[in-house]
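Remarks on the structure that follows.
What follows draws every value from the coordinates through simple rules; no lab data is involved. Everything numeric in this text was worked out from a predicted model, so none of it was measured. So basically every Cβ, Gly included, is an ideal-geometry build from the backbone, and we count neighbours across all protein chains shown.
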Amino acid sequence: MSDCLFCRMVAGEIPADVVHRTDRVLAFRDINPQAPTHVLVIPAEHHRNIGALAAADPGLLGEVVAAAHAVAVAERLVTGDGNEPGYRLVTNTGPQAGQSVDHVHLHVLGGRGLGWPPG
Ligand code: 5GP
Ligand code: ZN
């Protein structure tokens with residue numbers, strides 16, 4: 001989609017601080033980080049939200065989650081054989097949840113205590 005911000009980042013038309021890339025998944029640092037690590041993980045293909053992605057291509061959803069975990073390992077939020085100190089995955093669907101870009105993305109958040117429940 002030529003008018004989608006994240007599709008344009010996948011295409012290289014808008015610069016991104018890329019931390020992980022496969023042929024089907026891209027991960028880059030959020031421009032307005034909410035934690036010491038705040039990375040967005042997206043499928044290269046456009047899907048508007050996680051439900052649409054799960055329905056269209058559950059394998060690709062699995063690849064996105066695996067990439068998010070790989071980012072967390074690379075950022076030392078978890079080790080290969082443990083889950084310390086930890087990280088959070090967030091995906092927003094719709095305006096009431098705060099979705100501002102209609103190309104599904106996982107937020108990988110960590111590097112500080114995040115608290116629960118979220119605000
Ligand atoms: P949402 O609000 O849809 O869950 O998350 C969208 C995220 O995209 C926000 O955290 C916002 O900071 C990030 N974002 C918006 N525009 C850009 C951009 O041009 N570059 C990067 N790296 N992140 C962006
Ligand atoms: Zn898109």
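Here are a few things to note about the model shown:
- Both radii were evaluated on the Cα set of region 16-102; the Rg over Rh quotient, with Rh as the Kirkwood radius, amounts to 0.95.
- Sites Arg8 and Ala74, calculated FRET efficiency, Cβ-Cβ separation with R0 25 Å, nearest 0.05: 0.50
- Student exercise, the chain dipole from Lys, Arg, Asp, Glu Cβ charges, in Debye to nearest 20: 240 debye
- Extreme residue, positive dipole direction of the chain, given options Ala68, Ala97, Met9 (C-beta unit charges): Ala97
- Degrees, to the nearest 10: 58-74 long Cα axis against longest axis of the chain: 40 degrees
- Kirkwood's formula applied to the C-alpha pairs of region 58-105 gives a hydrodynamic radius of 12.2 angstrom.
- Relative contact order (%) - criterion: Cα under 8 Å, at least six apart; region: region 5-110: 31 percent
- Dipole of the chain, positive direction: furthest Cα of His47, Gly119, Leu26, with charges on the beta-carbon: Gly119
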